[in-house]
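Colleague: Below is a structure I'd like to ask you about.
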Amino acid sequence: MLTGTALFLSSILTLAAIYAVIALALNLEAGVDGLWDLGVVSFVAVGAYTYTMLTVSPASAGQSYIMGFGLPMWVGVLAAGIAGSIVAFLIGKPTLKLKNEYFLITTFAFAEVIRQILTNERWLSNGVAGVYNLAQPFKTYFTPSVYPYILLLLLVIIVFIVYVVVHRLTYSTFGRSLKALRENEPLALTAGIRPDRFHIRAFVIAGFFAGTAGAFYVWYSTVITPSLFTSDITFFVWMAIVIGGLANNKGAIVGSVIFVLAGESLRFLDLGSGFAVRMASMKIAILGLILIAILKWRPQGILPEKKVKFSNSSKNS
Amino acid sequence: MLEVQNAKKYFGGVKAVDNVSIQVKKSSITGLIGANGAGKTTLFNMISGFIPLTAGTVIYEGEDITNQPAYKISTKGIVRTFQTPLGFPRMTVMENMLVFAKNRNAGIFTAIKTSKKVTPLEEEYIERARKILKDVGLGNKEDAWVSDLSAGELKILEFARPLMADPHIFLLDEPAAGINPANLNSLVTLIKDLRNKGYTFLIVDHNLKFIMNICDYIYVMADGKLIFEGLPDEVANADCVIESYIGKKKTEDTVSN
Ligand SMILES: Nc1ncnc2c1ncn2[C@@H]1O[C@H](COP(=O)(O)OP(=O)(O)O)[C@@H](O)[C@H]1O
Ligand SMILES: [Mg+2]
């Protein structure tokens, strides 16, 4: 029973870590830069499929997908990031000129288009059937009973790395310019900041990390189908960063963990199979309640955006 | 140094700026006055690249900068302020200053590689910002959120920020509006000091005393047109100015006081 609980917990924490990577990516473009991106799942989906198609063996009988090069996983992860960046660039170039309201609708629409393509173009990635039994990193070195903890550890390390990178970007000159654009674009113009250039950079960086998160999601699920990449992911990650605190990178992580814990621990209540459907809607309801409570009593999130002080700047932190 | 030739801006049927030509000489303080709706802000918006001209030319240091994008015009050393100053509200005063430092192009990869919170270059900018803030009387505010500043402090910050970038010419849109007399005096001193150091100013304001006291040369606009130009005492005594602007303005002043 105890090991069952621990296994379950490590599994949901692994999922939380994957969400945290996407949340950190979204936090840079949406929290720091102020882009209303409702299509962050596009990068995750494209990253996941790129990773899979590059690392799996060629399609066997009855399957059909492109590539199948059996490349090493790290190549796949890197390619997933790059693919996410490329998609971000292609979507961002025409849409970042739009006002936030239109940007929001367009990015959302693009995410749906990508999912439709993955669903309908069977030659590309085996359509709705997807690809199963995908490999996990370092699996052969460990017994199946400890492997979930290894995967969790690996993802914790990854979250830490992504956190450090996003943190440094947030508090760099680049991040400050993004914040300036978020706060007052006309004034930022008078500082010589070129909006389109900074927005596209933030968007492409977010695309990179969200793209790699796609690969990590494949590690976690060992399966890939288009139905994994609905806009639910976008909304969940948005909720996570709003709960955690927009523009606070620790908040993005905390929000993801709270969010996934609250959502998944409902499964603990073993109410029998008949309740499965009811539970799914319960999950949404409970998460919605958390969000409403946060917005009502702590609109800045659990960890509000940090005040940047230089008064004791000789002591670097 | 800055020359606007036959500038026109039509918003549909509204001739917001109608064939206006002005000249701002290097190291001068040039004033632009006119009643509300005269077209002053619109003229500023055109010079600074915020809105395109319907017709006309803007020349800066011999270069035609007509309709260039705003961010580009700013980097040439032309800096404008806004009639309603907001700053970057959810950033501190110091951050507001640093946005205007010239290190804005520092690269992404450098940022990722740098573990220091403050780079040596940034340390320099911070020192510089502290000095400017002290000079303008905001020395104790560096860690305050800009959203917590008073209206007067915001006006001063609006003016202090661009000093980080070493501009050549300031276009100030109503810098004295909503400022208390003590702050106004320090603003006047500051502007005169900067002029003596070689900076150039084009100032729009409603406060005639302020404009008369500070400017070398004044343009007067009414309904989009230039109706007069001259030295401060010429402007003060010109019939058309008194009629179209000062008379109206005086009654407004008494009402608002
Ligand atoms: N974006 C705009 N669209 C339509 N009309 C405008 C716009 N901006 C300014 N105007 C009009 O142009 C005229 C001049 O405005 P403005 O330049 O703000 O005057 P001032 O700064 O001298 O008070 C006003 O009649 C104003 O209503
Ligand atoms: Mg105006």
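The values are calculated or read from the model by the stated rules, or taken from the named source; none is laboratory data. Just so you know, these numbers come straight off a predicted model, no measurement behind them. Positions of Cβ are backbone-derived with ideal geometry, glycine not excepted, and every protein chain shown enters the neighbour counts.
Colleague: Given the conditions (1) more than 8 Å from every other protein chain (Cβ to nearest Cβ); (2) more than 16 Å from ligand 1 (Cβ to nearest atom); (3) outside any helix (DSSP H, G or I), report the number of the one that B:P175 does not fulfil.
Modeller: (2)
Colleague: Output the residue which, of all residues in the range B:74-87 that are of a type in the set (A, V, I, L, M) and buried (at least 24 other Cβ atoms within 10 Å of the Cβ), is farthest from the other protein chains (Cβ to nearest Cβ).
Modeller: Filtering the range B:74-87 for residues that are of a type in the set (A, V, I, L, M) and buried (at least 24 other Cβ atoms within 10 Å of the Cβ), the one farthest from the other protein chains (Cβ to nearest Cβ) comes out as B:I78.
Colleague: Is it true that B:P52 is within 11 Å of chain A (Cβ to nearest Cβ) and at pLDDT 95 or above?
Modeller: Working: within 11 Å of chain A (Cβ to nearest Cβ): no; at pLDDT 95 or above: yes.
Spelling it out, it is not the case that B:P52 is within 11 Å of chain A (Cβ to nearest Cβ) and at pLDDT 95 or above.
Colleague: Let me ask something else about it. Among the residues of the range B:110-124, are any farther than 30 Å from B:A236 by Cα, away from ligand 2 (no atom under 16 Å from the Cβ), more than 7 Å from chain A (Cβ to nearest Cβ) and surrounded by 15 or more Cβ atoms within 10 Å (Cβ to Cβ)?
Modeller: yes
Colleague: Quick one: would you say B:A16 is surrounded by 18 or more Cβ atoms within 10 Å (Cβ to Cβ), more than 14 Å from chain A (Cβ to nearest Cβ) and part of a loop (DSSP other than H, G, I, E, B)? First the steps, then the outcome.
Modeller: Working: surrounded by 18 or more Cβ atoms within 10 Å (Cβ to Cβ): yes; more than 14 Å from chain A (Cβ to nearest Cβ): yes; part of a loop (DSSP other than H, G, I, E, B): no.
No, not satisfied.
Colleague: For the range A:1-25, which residues satisfy the criterion of being of a type in the set (V, I, T), surrounded by fewer than 24 Cβ atoms within 10 Å (Cβ to Cβ) and modelled with pLDDT of 95 or more?
Modeller: Selection gives A:T14 alone.
Colleague: Within the range B:41-58, take every residue that is in a loop (DSSP other than H, G, I, E, B) and within 14 Å of ligand 1 (Cβ to nearest atom) and give me the one that is farthest from the chain's Cα centre (by Cα). Steps first, please.
Modeller: Filtering the range B:41-58 down to residues in a loop (DSSP other than H, G, I, E, B) leaves B:48-54.
Then drop every residue that is not within 14 Å of ligand 1 (Cβ to nearest atom), which leaves B:48, B:50-54.
Values: B:S48: 10, B:F50: 14, B:I51: 16, B:P52: 19, B:L53: 19, B:T54: 22 Å.
Taking the candidates together, the pick is B:T54.
Colleague: For the range B:19-40, which residues satisfy the criterion of being surrounded by 22 or more Cβ atoms within 10 Å (Cβ to Cβ) and near ligand 1 (Cβ under 10 Å from one of its atoms)?
Modeller: B:L32, B:I33, B:G34, B:A38, B:G39, B:K40
Colleague: Which residues, counting only those in the range B:27-50, are out of contact with any Gly (no Cβ under 8 Å at 6 or more places or on another chain) and more than 16 Å from ligand 2 (Cβ to nearest atom)?
Modeller: Once the filter is applied, which keeps residues that are out of contact with any Gly (no Cβ under 8 Å at 6 or more places or on another chain) and more than 16 Å from ligand 2 (Cβ to nearest atom), the range B:27-50 yields B:S28, B:I29, B:T30, B:G49.
Colleague: While we're looking at this one, here's another question. Show the residue pairs that are 6+ apart or on different chains and have beta-carbon atoms under 8 Å apart, the first residue being within the range B:86-103 and within 14 Å of A:E185 (Cβ to Cβ), the second being surrounded by 24 or more Cβ atoms within 10 Å (Cβ to Cβ) and small (G, A, S).
Modeller: As it stands, the answer is B:F88/A:A180; B:F88/A:A188; B:M91/A:A180; B:V99/A:S177; B:V99/A:A180; B:V99/A:A188; B:V99/A:A191, since those pairs meet every condition given.
Colleague: Can you tell me which residue within the range B:178-204, out of those that are farther than 17 Å from B:K25 by Cα and not in a helix (DSSP H, G or I), is farthest from the other protein chains (Cβ to nearest Cβ)?
Modeller: B:N180
Colleague: Follow-up question, since we're still on this one. Going through A:S314, A:S281, A:S231 one at a time, which residue ends up being at pLDDT 90 or above and small (G, A, S)?
Modeller: On the way: A:S314 fails: at pLDDT 90 or above; A:S281 fails: at pLDDT 90 or above.
A:S231 is the lone residue from the list that is at pLDDT 90 or above and small (G, A, S).
Colleague: Still on this model: So in the range B:41-55, with the set limited to residues that are of a type outside the set (A, V, I, L, M) and more than 22 Å from B:Y217 (Cα to Cα), which one is surrounded by the most Cβ atoms within 10 Å (Cβ to Cβ)?
Modeller: If we filter the range B:41-55 for residues that are of a type outside the set (A, V, I, L, M), which is where we start, we get B:41-42, B:44-45, B:48-50, B:52, B:54.
Now narrow it down to the ones that are more than 22 Å from B:Y217 (Cα to Cα): B:49-50, B:52, B:54.
Numbers: B:G49: 24, B:F50: 18, B:P52: 10, B:T54: 15.
That would be B:G49.
Colleague: Here's another thing I want to ask about it. Among residues belonging to the range B:88-109 that are more than 7 Å from chain A (Cβ to nearest Cβ) and in a loop (DSSP other than H, G, I, E, B), point out the one that is farthest from B:L138 (Cα to Cα). Give the derivation first.
Modeller: Residues of the range B:88-109 more than 7 Å from chain A (Cβ to nearest Cβ): B:93, B:96-97, B:101-102, B:105, B:107, B:109.
Restricting the remaining residues to those that are in a loop (DSSP other than H, G, I, E, B) gives B:101, B:107.
Working: B:A101: 18, B:G107: 30 Å.
The qualifying residue farthest from B:L138 (Cα to Cα) is B:G107.
Colleague: Tell me which of these B:K8 doesn't satisfy, since it passes every other one: (1) of a type in the set (K, R); (2) away from ligand 1 (no atom under 16 Å from the Cβ); (3) modelled with pLDDT of 95 or more.
Modeller: Checking B:K8 against (1) of a type in the set (K, R); (2) away from ligand 1 (no atom under 16 Å from the Cβ); (3) modelled with pLDDT of 95 or more, the one that fails is (2).
Colleague: Do we have any residue at all in the range A:26-33 that's hydrophobic (A, V, I, L, M, F, W, C), touching a Lys or Arg at 6+ places or on another chain (Cβ under 8 Å) and either part of a helix (DSSP H, G or I) or surrounded by 22 or more Cβ atoms within 10 Å (Cβ to Cβ) (or both)?
Modeller: The first filter runs over the range A:26-33 and keeps only residues hydrophobic (A, V, I, L, M, F, W, C), leaving A:26, A:28, A:30, A:32.
Still in the list and also touching a Lys or Arg at 6+ places or on another chain (Cβ under 8 Å): A:32.
Retained after the next criterion (residues that are either part of a helix (DSSP H, G or I) or surrounded by 22 or more Cβ atoms within 10 Å (Cβ to Cβ) (or both)): A:32.
Yes - at least one qualifying residue is present in the range A:26-33.
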